[in-house]
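Written out below as structure tokens is the structure these notes cover.
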Amino acid sequence: ARELQIDRSYRVLGAEMLNLATARAQTADVRGVERIIALVSRRDAALGSARPDALNGILTAVQDQLDAARRLRLARDRWAIRLPELRRYRDTIGTSLTRLSSIGPALEDIKALSGSGPDAIGAILRAADAVQRVVATVVPPDEMKDLHALLLSAVQMAESAAKLRREAALTGDMDRAWNASSAAAGALMLGARAASELQLAFRAPQLSR
């Protein structure tokens with residue numbers, strides 16, 4: 001009975017220490033995880049150091065969390081150092097994202113084939129031209145290259161949707177109208193992804209689950 005109780009005590013110890021270490025690793029609390037390693041040793045001593053193998057397993061699991069905390073701390077330090085440059089990029093393209101968002105309703109009309117007059121098509125083309133001129137002159141930070149490519153693709157698809165819709169209206173070609181719809185849907189999706197990724201770039205790095 002005593003041996004079974006000792007086994008249970010080590011299982012409880014392992015689960016408790018791993019939960020604590022994981023929680024602290026997720027906040028990049030390196031010192032906090034190191035203190036848990038010391039706590040494990042004290043708790044093992046209180047149990048009479050009766051299960052060396054179990055202790056090694058617990059320490060290995062906690063050490064893994066310590067390594068994770070150190071990696072996360074390094075990533076967050078890098079992110080903090082890079083943050084001013086990320087903000088400069090955001091400020092530079094902020095107007096472009098706003099312009100792309102402003103033509104969302106017109107793109108939704110093209111997507112739905114619900115009617116797009118010359119004013120709506122003209123607004124899309126003007127916005128697309130303005131955004132492309134800005135985007136073409138900006139060199140994004142390494143962290144923003146994928147986002148930058150998304151933004152460029154979104155505005156190019158928006159321009160294509162407007163041109164295809166105008167051609168469809170002039171020729172009465174439903175195939176072109178559907179092609180315009182597909183382009184508009186792509187522009188809306190890519191624009192939303194770009195905006196979402198920009199927000200994520202300003203969140204401190206997290207441990208992958």
Item to complete: Arrange the residues Val12, Val135 by how much accessible surface each exposes, largest first, with a 1.4 angstrom probe.
Response: Val12, Val135
Worksheet item: Which length gain, in nm to one decimal place, applies between Arg126 and Thr95 when the Cα-Cα distance is subtracted from 0.36 nm times their residue separation?
Response: 9.8 nm
Discussion item. So if I place +1 on the C-beta of Lys and Arg and -1 on the C-beta of Asp and Glu, and nothing else carries charge, what would the dipole magnitude of the stretch 1-150 be about its Cα centre? I want it in debye, nearest 20.
Written reply: 480
Worksheet item: Just the accessible area for Met189, please: 1.4 Å probe, Å², rounded to the nearest 10?
Response: 110
Worksheet item: PRE reach from Arg42 (point 7 Å along Cα→Cβ): which of the stretch 6-32 fall under 17 Å by backbone N?
Response: 13-14, 16-18, 20-21, 31-32
Worksheet entry | Residue-averaged [θ]222 nm for the chain, counting only DSSP H segments that reach four residues, each worth -39500 (n - 2.57) | -29500 deg cm²/dmol
Item to complete: Could you look at the stretch 51-199 and say what percent of its accessible area is carbon and sulfur, using a 1.4 Å probe and all protein chains?
Response: 53
Discussion item. Let me cross-check Asp64: its accessible surface, 1.4 Å probe, with only protein heavy atoms counted, in Å² to the nearest 10?
Written reply: 80
Worksheet entry | Cα-based helix-to-principal-axis angle, 30-46 vs the chain, degrees rounded to 10 | 30
Item to complete: Under 12 Å from the Cβ of Asp7, count the other residues' Cβ atoms, weight Lys and Arg +1, Asp and Glu -1, and hand me the total.
Response: +2
Discussion item. Students sometimes get this wrong: rank Ser208, Ser153 by accessible area, probe 1.4 Å, all chains present, largest first.
Written reply: Ser208, Ser153
Worksheet item: With every protein chain left in place, what is the accessible area of Thr92 in Å² (1.4 Å probe, nearest 10)?
Response: 70
Fill in: Solvent exposure of the stretch 66-183 as accessible area per residue, Å², 1.4 Å probe
55
Discussion item. So I have [x] 17.8, 57; [y] 16.6, 51; [z] 27.7, 88, and one of them is Rg and Dmax of the Cα atoms in Å calculated from this model. Which one is it?
Written reply: [z]
Worksheet entry | Inter-probe distance in nm under a simple model that places probes 7 Å from Cα toward Cβ, at Ala50 and Leu113 | 7.6
Discussion item. If I stretch the segment between Asp7 and Leu200 completely, what's the gain in nm (0.36 nm per residue apart, minus their alpha carbon distance), one decimal?
Written reply: 65.0 nm
Worksheet item: What's the angle, to the nearest 10 degrees (0 to 90), between helix 118-137's Cα axis and the longest principal axis of the chain?
Response: 50
Response to the item:
In a Gaussian network model of the chain with springs linking alpha carbons closer than 10 Å, the residue among Leu107, Leu13, Leu147 that fluctuates most is Leu13
Worksheet entry | Residue with peak Gaussian network fluctuation, the chain [Cα springs, cutoff 10 Å], from Arg42, Arg76, Arg24 | Arg42
Discussion item. Can you tell me the orientation of helix 174-200 relative to the chain, as the angle in degrees between its alpha-carbon axis and the longest Cα principal axis, to the nearest 10?
Written reply: 40
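The values are calculated or read from the model by the stated rules, or taken from the named source; none is laboratory data. Remember, it's a predicted structure, so these values are computed and weren't measured experimentally. We place every Cβ from the backbone using ideal geometry, glycine too, and count neighbours over all the protein chains shown. Surface accessibility is based on the protein's heavy atoms, side chains included, excluding ligands, DNA and RNA. Shrake-Rupley method; radii C 1.70, N 1.55, O 1.52, S 1.80 Å.
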